[in-house]
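Worksheet: one structure, shown below.
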Amino acid sequence: MTGQLTALVVPLLLAGVALYAAARRVDVYDGLVCGARDGFDVLLRVVPALIVLLPAVYMLRASGALELLAGALAPALERLGVPPETAGLLLVRPVSGSAALGVGAELMEAYGPDSPVGRTAAVMLGSTETTFYTIAVYFSAAGVVRTRYAVPAALCADLAAFLAAAWAVQVVFYS
Amino acid sequence: MAMTVLWAGMAAAAVLCALATGRMPEVSAAAVEGAGAAVELALSMAGMLCLWMGVMEVMRRAGLAEKLSRLLRPALRRLYPAFAGDRAVMDSIAANVSANLLGLGNAATPLGLRAAQAMARRTPGVASDGLCMLVVCNTASIQLIPTTVASVRAAAGCQTPFDILPAVWLASTLSVAAGIVAAKLLARVWPA
């Protein structure tokens, strides 16, 4: 059911956006090409970080450190319904977007993108931002030194996202 | 510096663990493999990511972002009561939220920063309740179509990379709600 619905998302969006924009006399083709070029810029900015970070993540996996971490946090995470394999992702996500992407990609590679772990990792990545980076950018731009409760409130949202991601994957795919 | 600590920590933990478990050859091979895997990942993500960035650019040019921000304005006025009368701030916030929803990160950040700077002018150096709310809302993801994650899934060989959409929407909604509730509750007990 959800599979058929989400299969509609991509074709409908592509055609729908193109028709809507064309009706408003937007140069659709030029917009697509310009956006794709921006996409390359984004990618070029991320690639060096990925090349540096993925070896570290792969080394952690090969050394058994990730299993150790998962094992150490497993009792707490399992009680919360979160797959312990995602422990590394939880720790890295608020700090670095590229590192989180690397850890998430490695999880999807190791467990399969359609496994419960792979799907939970994907939903966690999709429903969170790089919290500390965002906070630093906003408060330094606004010249704020006393950030009051912004950090704890933002971390509440992150924690909720992790728990909700594990729960939502269970509800949508496995019930 | 945070990244230095993170990277050095990861590398040191891997080496220590490998020494303890005797898996040094595997770790050595993994470092080389990881660097190659990064390039592969980037290449296999590139097509989908660029296509979606193109679609988003067309959405922006068609005025969808402006339309969305007009729809959002009444709800946002309630979220930022202290700034409801400030037309410039509310316009920036609405544009920031609609750009975030559409996944236009490059457009969303300058709009959000403009709002943040205007808000901070009232209380220099201290984060007001409104500014805290703006920051918390920007640290939570509200992107309707998480294109980067979908491209990573596709790169890992997934045939239906967008089948996580309902789960992402569910998790994002709960996360933003938790952030807003936490901010509103903490605002009462945390003096400016």
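Bear in mind these aren't lab numbers, they're just calculated from the coordinates by the rules spelled out. It should be emphasised that the depicted structure is a prediction, and the values quoted were computed from it without experimental measurement. Cβ: placed from backbone, ideal geometry, glycine included. Neighbour counts: every protein chain shown.
Please label the shape of region B:67-150 as rounded, prolate or oblate, based on the square roots a ≥ b ≥ c of the eigenvalues of the alpha-carbon gyration tensor (a/c under 1.5 means rounded; beyond that, a/b larger than b/c means prolate, else oblate).
Prolate shape, in that a/c is at least 1.5 and a/b is the bigger ratio.
How much length is gained if the chain between residue A:13 and residue A:68 is pulled fully straight, taking 0.36 nm per residue apart and subtracting their Cα-Cα distance, in nm to one decimal?
15.5 nm is the gain from fully extending residue A:13 to residue A:68.
Over the whole of A:97-104, what's the average partner chain Cβ count within 10 Å per residue? Rounded to a whole number, please.
For peptide A:97-104, the averaged partner shielding equals 3.
Hey, what number do you get for chain A at 222 nm if only DSSP H runs of n ≥ 4 count, each worth -39500 (n - 2.57), divided across all residues, to the nearest 500?
-27000 deg cm²/dmol
Do the sum for chain B: with -39,500 (n - 2.57) for every DSSP H run of n ≥ 4, divided by all residues, what is the mean residue ellipticity at 222 nm, to the nearest 500 deg cm²/dmol?
-26500 deg cm²/dmol
What translational D, rounded to a whole number of µm²/s, comes out for region A:25-143 from Stokes-Einstein when the hydrodynamic radius is the Kirkwood one over Cα pairs, at 37 °C and 0.692 mPa s?
203
Would you mind giving the mean number of other chain beta-carbons within 10 Å of the Cβ of each residue in B:69-82, as a whole number?
If you average over the peptide's residues, the count of other-chain Cβ atoms is 0.
Do you know the relative contact order of chain B, to the nearest whole percent, from alpha carbon pairs under 8 angstrom that are 6+ apart?
So the answer I get is 19 percent.
Taking Cα pairs under 8 Å and at least six residues apart, what relative contact order does region A:54-173 come out at, in percent?
Computed value for region A:54-173: 25 percent relative contact order.
Counting partner chain Cβ atoms within 10 Å of every residue's Cβ in B:44-52, what's the average?
Other-chain Cβ atoms within 10 Å of each residue's Cβ, averaged: 5.
Give me B:70, A:79, B:122, A:93 ranked fewest to most by other Cβ atoms within 10 Å of their Cβ, as a rough exposure proxy.
A:79, B:70, B:122, A:93
May I ask you to derive the FRET efficiency for residue B:19 and residue B:87 from their Cβ-Cβ distance with R0 = 45 Å, giving the value to the nearest 0.05?
E between residue B:19 and residue B:87, to the nearest 0.05, is 0.10.
Report, in cubic angstrom per residue, the convex hull volume of the C-alpha atoms of region B:134-192.
77
Let me know the shape class of the protein assembly as shown, please: from the alpha-carbon gyration tensor, a ≥ b ≥ c as square roots of the eigenvalues, rounded when a/c is under 1.5, otherwise prolate if a/b is greater than b/c, or oblate.
Taking the square roots of the gyration eigenvalues as a ≥ b ≥ c, the protein assembly as shown is oblate.
Arrange the following residues from fewest to most other Cβ atoms within 10 Å of their Cβ: B:45, B:1.
By the 10 Å Cβ count, ascending, the order reads B:1, B:45.
Could you check the simple spin-label distance between residue B:67 and residue B:159, using points 7 Å along Cα→Cβ, in nm with one decimal?
For residue B:67 paired with residue B:159, the spin-label model returns 3.4 nm.
Would you kindly calculate the translational diffusion coefficient of region B:47-189, applying Stokes-Einstein with the Kirkwood radius from alpha carbon pairs, for 10 °C and a viscosity of 1.306 mPa s, and quote it in µm² s⁻¹ without decimals?
Value of D from the Cα-based Kirkwood radius: 98 µm²/s.
Could you sort B:18-26, B:170-178, A:96-104 so that the peptide with the highest average Cβ count within 10 Å comes first and the rest follow in order?
Per-residue Cβ counts within 10 Å, averaged per peptide and sorted highest first, yield A:96-104, B:170-178, B:18-26.
In what sequence do B:142, B:93 fall when counting other Cβ within 10 Å, fewest first?
Going from least to most buried by this count: B:142, B:93.
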